[in-house]
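All remarks here apply to the structure that follows.
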Amino acid sequence: VWPMKAAGLISDNINSFLDEQGKCSVILTGGQRAARLYKAWRDLPAFQQMTGVSFYFGDERCVTPDHAESNYGMAMKTLFPQSVPTGCAVFRMEADTADQEAATQRYAYLLPDLIDVLLFGVGEDGHIASLFPNKAALQECKRQVVHITGPKPPFDRLTITPPVIIQAKSIFVLATGTAKAAVLIEARQAPGNFNAVPVRLVLGATWLLDTVLTENIF
């Protein structure tokens, strides 16, 4: 039930932007919960009928698209297993290139000034995208995309930064399971300290939980 309802909510949000402005930018996330969501989302009639949607990625491991850890590869298998809907486009983070700094610049150039719909998973340590607790990338205020070294393999990654996140028009956090609910509880205890718990950057997002479909924190 959860992925279908969540997919419907996100789909309705995208359609609102399409009705209002004729196009919509969406940043996709990785992870097992996202894979479940994408499989449900692709089966909605509205998904194959939409046009004018540009899909981006919030982070990517520095691996080839066919690697098991590739967010792009996962999305193509689960959300676009047959084809990308007509009139839509998918923009891959080319994180597997030898010059990762150049890759960050190219992707930043591709990103629109403001993201309409931003999807996040959340780690048990409170990280979102590849913004991990107490890392320098959380203090980035100019660059939209940076290269980082993560805490577990594949270590090298590209990730969007706080300036992209805080300006997004609509944000959804996939947070099913008791461990992720515990992250939400911890995040609310000191909402200003996002350096220790990065998901605090998006406490005002729509959280897609198990027992309560949506919860707007503020």
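Scanning the stretch 202-218 for residues that are open to solvent by 20 Å² or more (accessible area, probe 1.4 Å) and not in a loop (DSSP other than H, G, I, E, B), we see that the one that is modelled with the highest pLDDT is Thr206. Scanning the stretch 184-201 for residues that are buried (at least 21 other Cβ atoms within 10 Å of the Cβ) and either of a type in the set (Gly, Ala, Ser) or assigned to a loop (DSSP other than H, G, I, E, B) (or both) returns Ala187, Phe194, Val197. With respect to the conditions (1) over 18 Å from Val173 (Cβ atoms); (2) out of contact with any Cys (no Cβ under 7 Å at 6 or more places or on another chain); (3) in a loop (DSSP other than H, G, I, E, B), Gly126 falls short on a single one, namely (1).
Arg143 - would you say it is touching a Lys or Arg at 6+ places or on another chain (Cβ under 8 Å), charged (D, E, K, R) and not in a helix (DSSP H, G or I)? Step through it out loud before you land on a result.
Values: touching a Lys or Arg at 6+ places or on another chain (Cβ under 8 Å): no; charged (D, E, K, R): yes; not in a helix (DSSP H, G or I): yes.
Answer is no for this residue.
Does Tyr107 meet the test of being open to solvent by less than 70 Å² (accessible area, probe 1.4 Å), under 25 Å from Leu209 (Cα atoms) and either in contact (Cβ under 8 Å) with a residue 60 or more places away in the chain or assigned to a helix (DSSP H, G or I) (or both)?
Details: open to solvent by less than 70 Å² (accessible area, probe 1.4 Å): yes; under 25 Å from Leu209 (Cα atoms): no; either in contact (Cβ under 8 Å) with a residue 60 or more places away in the chain or assigned to a helix (DSSP H, G or I) (or both): yes.
For Tyr107, the condition - open to solvent by less than 70 Å² (accessible area, probe 1.4 Å), under 25 Å from Leu209 (Cα atoms) and either in contact (Cβ under 8 Å) with a residue 60 or more places away in the chain or assigned to a helix (DSSP H, G or I) (or both) - is not met.
Restricting the stretch 50-103 to residues that are touching a residue at least 40 places away in the same chain (Cβ under 8 Å) and part of a strand (DSSP E or B) leaves a set whose member that is surrounded by the most Cβ atoms within 10 Å (Cβ to Cβ) is Glu60. Assessment of the stretch 147-161 against the conditions (under 14 Å from the mean Cα position of the chain (by Cα) and part of a loop (DSSP other than H, G, I, E, B)) yields at least one matching residue.
Restricting the stretch 147-177 to residues that are in contact (Cβ under 8 Å) with a residue 24 or more places away in the chain and of a type in the set (S, T, N, Q) leaves a set whose member that is most open to solvent (accessible area, probe 1.4 Å) is Gln167. Just one of the numbered conditions (1) outside any helix (DSSP H, G or I); (2) in contact with a Ser or Thr (Cβ under 8 Å, 6 or more places away or on another chain); (3) surrounded by 14 or more Cβ atoms within 10 Å (Cβ to Cβ) is not true of Phe47: (1). Applying the criterion of being over 23 Å from Val90 (Cα atoms) and hydrophobic (A, V, I, L, M, F, W, C) to the residues of the stretch 110-136, the residue that is surrounded by the fewest Cβ atoms within 10 Å (Cβ to Cβ) is Ala136. List the residue pairs whose Cβ atoms are under 6 Å apart, where the first residue sits in the stretch 16-41 and is on the phi > 0 side of the Ramachandran plot, the second is outside any helix (DSSP H, G or I) and not aromatic (Phe, Trp, Tyr), and the two are 6 or more positions apart or on different chains. From the stretch 16-41, the pairs are Gly22/Gly52; Gly31/Gly121.
The values are calculated or read from the model by the stated rules, or taken from the named source; none is laboratory data. Since this is a predicted model, take the numbers as computed values, not measurements. Here the Cβ is made from the backbone with ideal geometry for all residues, glycine too, and neighbour counts use every protein chain on show. Remember, those area values only see protein heavy atoms, side chains included, never the ligands or the DNA or RNA. Shrake-Rupley method; radii C 1.70, N 1.55, O 1.52, S 1.80 Å.
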